[in-house]
């Protein structure tokens, strides 16, 4: 199948018509792997968000097959929520011309061709209320970095010791951060506190940390949705990928408008 550049070159040389070029572009947009999966090959070109595989619910062999196909077509693949078997099989299956980065805490693996350049320019800050929230925050960090953003983190700065928050917020303001991701479980108070203190868009991420009444992130989600502070948006429980992608889209757009590189 032709790549986009080849199609455009043929069109420029008048070897194909506009109608033929349009058809070829549509055909290249989706890669089908038998009955297993349909891959959105052009997501990174169309949206600025790379194709990401959710490993949960898939066998190690299925994850490998999908990952290798995406890697061949785009030069990069991100796999989230991996288990140990899936990770080991993937690490054994890649060639020497790629680099493999595993974040064990976040259970996320990035495989990409060496020297692959990712442009973005956005600046993102990530805060967590507690140490137990770090895996979700790290998931967001990896996704944002793979979309070309510079990410600064400050972990375990929740409302149980609110004085810990002041220093990292000052640092974020000095670094001209474009978007803040704030990750919290239990009562989920930190995002609304942060949103009340800064003029930076805040993305709240409730985590499933917590027990008893309102367990598994329900209290955190409801609290964030009910927050009085304006400038706060909320993703789903444990939604690190969603938060990282949304923050990167906003931050990269800001960077493009301010000619920041």
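Checking residue 127 against (1) in the same structural domain as residue 149 (by TED's automatic domain parsing); (2) assigned to a helix (DSSP H, G or I): exactly one of these is not met. Which one?
Every listed condition holds for residue 127 apart from (2).
Across segment 105-117, what is the number of residues that are crowded, with 16+ Cβ neighbours inside 10 Å and in a strand (DSSP E or B)?
5
Among the listed residues 118, 134, 79, 111, identify the single one that is within 17 Å of the chain's Cα centre (by Cα) and closer than 30 Å to residue 167 by Cα.
134
If you scan segment 118-144, which residues turn out to be within 19 Å of residue 79 (Cα to Cα) and surrounded by fewer than 19 Cβ atoms within 10 Å (Cβ to Cβ)?
The answer is 118, and nothing else.
Kindly check whether there is at least one residue in segment 234-244 that is out of contact with any strand residue (DSSP E or B) (no Cβ under 8 Å at 6 or more places or on another chain), crowded, with 24+ Cβ neighbours inside 10 Å and in contact (Cβ under 8 Å) with a residue 40 or more places away in the chain.
no
Quick one: which of 214, 188 is free of Cβ contacts under 8 Å to residues at least 60 places away in the same chain, touching a strand residue (DSSP E or B) at 6+ places or on another chain (Cβ under 6 Å) and on the phi > 0 side of the Ramachandran plot?
188
Confirm whether residue 89 is crowded, with 20+ Cβ neighbours inside 10 Å and without any contact (Cβ under 8 Å) to a residue 40 or more places away in the chain.
no
The values are calculated or read from the model by the stated rules, or taken from the named source; none is laboratory data. Note that this is a predicted model, so its numbers are computed, not measured. Here Cβ is always computed from backbone atoms with ideal geometry, including for glycine, and neighbour counts include all displayed protein chains.
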